[in-house]
Amino acid sequence: MTNILSYLTLINVINVHFYFVHGFRKSELDSSYNGLSYPFQYFTRDEWEADPPTNVRPLTKPVPYVVIHHTYIPSACNTTEKCFRAMRSMQNYHNSLGWGDIGYNYCVGSMGDVFEGRGWNNVGVHAGRANNFSIGICLIGDWRVATPPEPMLETTKKLISVGVENGSISPVYKLVGHKQTMTTECPGSALANIISTWDHYTKEILKF
Ligand SMILES: [Zn+2]
């Protein structure tokens, strides 16, 4: 009898663990904002097995700018596993530069999945002095010549809308590419051309 009870207790513990780690957190906490589900597939830092950040500074919100990036390296990822690997490799590289975490606030994969970086509440390291005034979104891949897939572009727009709705991004935000904040090719010519047609895009060169 005792053995059966222990066995049942163990099964329960495993179920509760599964519920919290694999069920509850993903479906009801981390994948939501203001009580609503994200309108795209969303993966938390825990899910891509991020190391804890060592440099965390609160972002003053709402921010007036959204800065768009590509990675160049790593290349585009079109499966969850490949994108997880890309996230980990970026975090390792950015940590090696002394940035204390992955630089971007969020990253987007080719399938239109979002991967949590520093999130809505923390200052990123992605655009020099613009870091303090922006959310940095990285479209994983090399978008100098190739055009990002449509789901990636659609999700990026939705992610910005979520940021506006949850009070992280100003409703009158300005959208720029990384190269408008410093000397760089990022986010690549093909992607830069695309975002230049989006709402809120400004040609402005940011100087702080
Ligand atoms: Zn960039």
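Descriptive notes on the structure:
- Taking Lys and Arg as +1 and Asp and Glu as -1, the other residues whose beta-carbon sits under 11 Å from that of Pro187 total 0.
- Hits among aspartates and glutamates - C-alpha to C-alpha of Lys158 under 20 Å, sequence gap 8 or more where chains match: Glu28, Asp30, Asp113, Glu116, Glu150, Asp199
- Once the chain from Thr184 to Asn132 is taken as fully extended at 0.36 nm per residue, the excess over their C-alpha distance is 16.8 nm.
- Subtracting the Cα-Cα distance of Arg144 and Glu81 from 0.36 nm times their residue separation leaves 20.3 nm of extension gain.
Any read-out appearing in this document is the output of simple, stated calculations on the displayed coordinates, not a laboratory observation. Predicted model only: the values in this text are computed from it and were never measured. Neighbour counts are summed over all protein chains in view; Cβ atoms, including those assigned to glycine, are modelled from backbone coordinates with ideal geometry.
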